[in-house]
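Novice: After the structure tokens below, expect a handful of questions from me.
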Amino acid sequence: MYRICAACGRSLPQSSYTANQYSKAPGVSRCAFRWVAKGSYTSGPRKGEACVVKWFKTGAVFSNDYFTLDIKAVDKALEIVNRFNQLNIINKVVKINVPEVWYFTDKSNDEWAGQRHLCEPFIKNYQKFNSNTGWNDDSMAWGEVMQALSHFSYHITGGNYVLCDLQGGIYQHEVVLSDPVILSRNREYGVTDLGPDGISSFFSQHDCNDFCRRNWTQPANPMQRFRPVPGTTMMRRTVPTGYSRPGRTRFLG
């Protein structure tokens, strides 16, 4: 079952909540992920500029997975976006915010000491173009451009990856995206990577537009495996437990 998180507004499966939070009423439950809306850099080359900080609650079940694979997803997204920019489909440049992992030192108060956060520059005029389940807003040209970018990502990677969950801000000469998702055949990119079913769901909702090229490949018979929602859907990996492993096997300690 899916539920809207009262903190981030995303439609998330039950696995994205702690048992205590999920037991609360819909509209009250908060997922394991939190956002600090805005802060500012106090030193370095960006001193004085606004920033966004993201972090997990202490004990979140997939925090390690998220921090490791979020950076990996951004690296893959940059590779795809650079290839897309080379096509000169539009007269603007697509950019991606690159987050940094920051740590609170042991000298911080007990609530924050040792915790990790993702920090990236603040984006103005923030809007969402598509999600990782196939939802998209193509009511404006930029929405169509982002759909084309997602389609292109599938084509240029031989059908192995889809860059999606595209959101960010539109500026005079560029669009800056933040927190993208990579869908992969082998679920290489963590809890937001919905795997082959996510790829199929995405293309079940995609209609090619003027920014797509006719020769770009796409799945032959895509099917809707997830309900298309604007929020980012997360799905934890599952592994066999001691009660579900195949018969006639034994545990080797």
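The values are calculated or read from the model by the stated rules, or taken from the named source; none is laboratory data. Remember, predicted model here, so these are calculated numbers, not experimental data. Methodologically, a virtual Cβ is constructed for each residue, glycine included, from the backbone with ideal geometry; neighbour enumeration extends over all protein chains shown. What goes into the accessible areas is simple: the full protein's heavy atoms, side chains included, and nothing from ligands, DNA or RNA. Shrake-Rupley method; radii C 1.70, N 1.55, O 1.52, S 1.80 Å.
Yes/no per residue for (1) outside any loop (DSSP other than H, G, I, E, B); (2) not aliphatic (A, V, I, L, M):
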| position | (1), (2) |
| --- | --- |
| Asp138 | no, yes |
| Ala148 | yes, no |
| Phe152 | yes, yes |
| Gly159 | no, yes |
| Glu188 | no, yes |
| Val191 | yes, no |
| Asp210 | no, yes |
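Novice: Scan the range 110-123 for residues that are under 30 Å from Ser201 (Cα atoms) and either of a type in the set (A, V, I, L, M, F, W, C) or open to solvent by 60 Å² or more (accessible area, probe 1.4 Å) (or both) and jot them down. Walk me through it before giving the result.
Specialist: Filtering the range 110-123 for residues under 30 Å from Ser201 (Cα atoms) gives 118, 120, 123.
Scanning the range 110-123 gives Leu118, Ile123.
Novice: While we're on this one: Restricting to the range 161-179, name every residue that is open to solvent by 10 Å² or more (accessible area, probe 1.4 Å) and assigned to a loop (DSSP other than H, G, I, E, B).
Specialist: So the first thing to find is which residues in the range 161-179 are open to solvent by 10 Å² or more (accessible area, probe 1.4 Å), and the list is 161, 167, 170-174, 176, 179.
Answer for the range 161-179, where residues must be open to solvent by 10 Å² or more (accessible area, probe 1.4 Å) and assigned to a loop (DSSP other than H, G, I, E, B): Tyr171, Gln172, His173, Asp179.
Novice: Something else about it: Look through the range 78-109, keep the residues that are open to solvent by less than 40 Å² (accessible area, probe 1.4 Å) and touching an Asp or Glu at 6+ places or on another chain (Cβ under 6 Å), and return whichever of them is nearest to Trp216 (Cα to Cα).
Specialist: Looking at residues that are open to solvent by less than 40 Å² (accessible area, probe 1.4 Å) and touching an Asp or Glu at 6+ places or on another chain (Cβ under 6 Å), I get Asn97.
Novice: To continue, here is another question. Within the range 193-208, can you find the residues that are in a loop (DSSP other than H, G, I, E, B), closer than 15 Å to Gln147 by Cβ and among the hydrophobic types (A, V, I, L, M, F, W, C)?
Specialist: Filtering the range 193-208 for residues in a loop (DSSP other than H, G, I, E, B) gives 193-194, 205-208.
Now narrow it down to the ones that are closer than 15 Å to Gln147 by Cβ: 205-208.
Residue satisfying the conditions is Cys208 alone.
Novice: For the list (1) in contact with a strand residue (DSSP E or B) (Cβ under 9 Å, 6 or more places away or on another chain); (2) open to solvent by less than 10 Å² (accessible area, probe 1.4 Å); (3) under 14 Å from Ile80 (Cβ atoms); (4) touching a residue at least 60 places away in the same chain (Cβ under 8 Å), I need the number of the one condition that Phe203 fails.
Specialist: Condition not satisfied by Phe203: (3).
Novice: Sticking with this structure for a sec: Mind listing whichever residues of the range 207-216 are open to solvent by less than 60 Å² (accessible area, probe 1.4 Å), of a type outside the set (S, T, N, Q) and out of contact with any Cys (no Cβ under 9 Å at 6 or more places or on another chain)?
Specialist: Quick first cut of the range 207-216, residues open to solvent by less than 60 Å² (accessible area, probe 1.4 Å) only: 209, 211-212, 216.
Keeping just the survivors that are of a type outside the set (S, T, N, Q) gives 211-212, 216.
Result: Phe211, Cys212.
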